[in-house]
Amino acid sequence: MSNSDRVALVLGGAGTVGSGIAKGLLDKGFKVVAVSRDGSKLEKLKVLISPSRRENLLTVEGDIGSEEGAEQVKQALLTRMVTVTDVVSSLGFSWWQGGAPHTQNLKELRWVLDALLFSTFVSWKAFFPLVRDNPKGTYTFITGGAADRLLMPGTGFLTVGAASALAFCQVLQEEYPDTPCKFNQVRINTGVTSTERKAPGYLCHLELGQAVALLVEKGNPSHSVHTINCPDDLKTIASEERI
């Protein structure tokens, strides 16, 4: 299947990480459906895409963190007869520093889990059936290193949420070892910034997007986990070596 025949659904496609991935896929010739709850960010995404590729971008505004919202987006795609071949899940947020656990309440913990875990589960349940039986299809999760440790005082709920999302991804790989569509997990253990805000040691979202797009393009014969600790690790994907 050529890239021009593939349609990648990028969940959270207007965020810093998601926009880079959407652009990377479009630059490789994929058609891309970018979903975000923020319509203004979707408009900014269109500006990021070169005019020659923009006709291959479909933007959808919707809340895929809720069961109702995810189903509405799914039905919108089916109504438009969009045949999704690949899914990239780039949901949640990369930072939270609300304070030590004893200063928080249950509402805040639920909010963090909703953003990092529940949205990942709800969207997977809605959209995985679209690609599940495609042996050339992929479902890629973008996760973070906050799951492994407390990054600094006051970030505990971020670790709890990230660890929950990571555990869910690992469960899927073990629960569905033989599914035709394979799971990729890209674990990012460093900061990601836009081009204009790039700092030493941080990943440029466009360079990360190119690497993830290559990973989706290649596919895998089995579920895989790829870890990105620094910008140099992106070259490992580019050289087609296993991380």
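Any read-out appearing in this document is the output of simple, stated calculations on the displayed coordinates, not a laboratory observation. No experiment lies behind these values; they were computed from the predicted model shown. A quick note on method: Cβ atoms are made from the backbone with ideal geometry, for glycine too, and the neighbour counts reach across all protein chains shown.
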*Give the angle, between 0 and 90 degrees and rounded to the nearest 10, that separates the Cα long axis of helix 39-48 from the longest principal axis of the Cα atoms of the chain.*
60
*Tell me which residues come under 5 Å, amide H to amide H, from Leu203 once H is placed; ignore anything under 5 positions away on its chain.*
Gly191, Val192, Thr193
*asked:* Taking loop as defined by DSSP and a crowding limit of 14 other beta carbons within 10 Å, which trypsin sites (Lys or Arg not before Pro) in region 36-102 fit?
replied: Arg80
*asked:* Give me the one-decimal nm value for the distance between modelled label points at Trp111 and Ser4, 7 Å along each residue's Cα-to-Cβ direction.
replied: 4.8
*Return the single residue from His223, His102, His205 with maximal mean-square fluctuation; model: Gaussian network over the chain, springs between Cα atoms under 10 Å.*
His102
*How much mean residue ellipticity at 222 nm does the chain get from its helices, if each DSSP H run of length 4 or more adds -39500 (n - 2.57) and you divide by all residues, to the nearest 500 deg cm²/dmol?*
-12500 deg cm²/dmol
*Where the only charges are on Cβ atoms (+1 Lys, Arg; -1 Asp, Glu), what is the dipole of the chain about its Cα centre, to the nearest 20 debye?*
400
*Taking only C-alpha pairs under 8 Å that are 6+ residues apart, what is the relative contact order of the chain in percent?*
21
*Can you put Val87, Val192 in order, fewest other beta carbons within 10 Å first?*
Val192, Val87
*Given 0.36 nm per residue, what is the gain on full extension from Asn220 to Thr79 after removing their alpha carbon distance, in nm?*
47.8 nm
_Angle between the chain longest axis and helix 16-27 axis [Cα atoms, degrees, rounded to 10]_ = 20
_Residue (of Leu158, Trp124, Tyr176) at the positive-pole extreme of region 94-212, dipole from beta-carbon charges_ = Leu158
*Using only the alpha carbons of region 3-238, determine the length spanned along each of the three principal axes and report them from longest to shortest in whole angstroms.*
51, 38, 37
_Checking a compactness column here: for region 36-137, what do you get for Rg(Cα) / (2.2 N^0.38 Å), N being the number of residues?_
1.29
_With angles folded into 0 to 90 degrees, how steeply does helix 205-218 sit against the dominant principal axis of the chain? Use alpha carbons for both and round to 10._
50
*asked:* Through the Karplus equation 6.51 cos²θ - 1.76 cosθ + 1.60, θ set to phi - 60°, convert the phi angles of region 92-104 into ³J(HN,Hα) values in whole Hz; use x for Gly and Pro.
replied: x, 9, 9, 8, 8, 9, x, x, 4, x, 5, 9, 9
_Loop sites in region 51-159: GluC sites (Glu not before Pro), DSSP, at most 16 other Cβ within 10 Å_ = Glu55
*asked:* As a footprinting exposure proxy, order Ile64, Ile49 by other Cβ within 10 Å, with the fewest listed first.
replied: Ile49, Ile64
_Within 10 Å of each candidate Cβ there may be at most 13 other Cβ atoms; applying that plus a DSSP loop requirement, which trypsin sites (Lys or Arg not before Pro) in region 147-223 survive?_
Arg149
*Step through the table entries Lys74/Lys182; Lys41/Lys107; Lys31/Lys182; Lys31/Lys74, compare each Cα-Cα distance with 24 Å, and write down the pairs that go over it.*
Lys41/Lys107
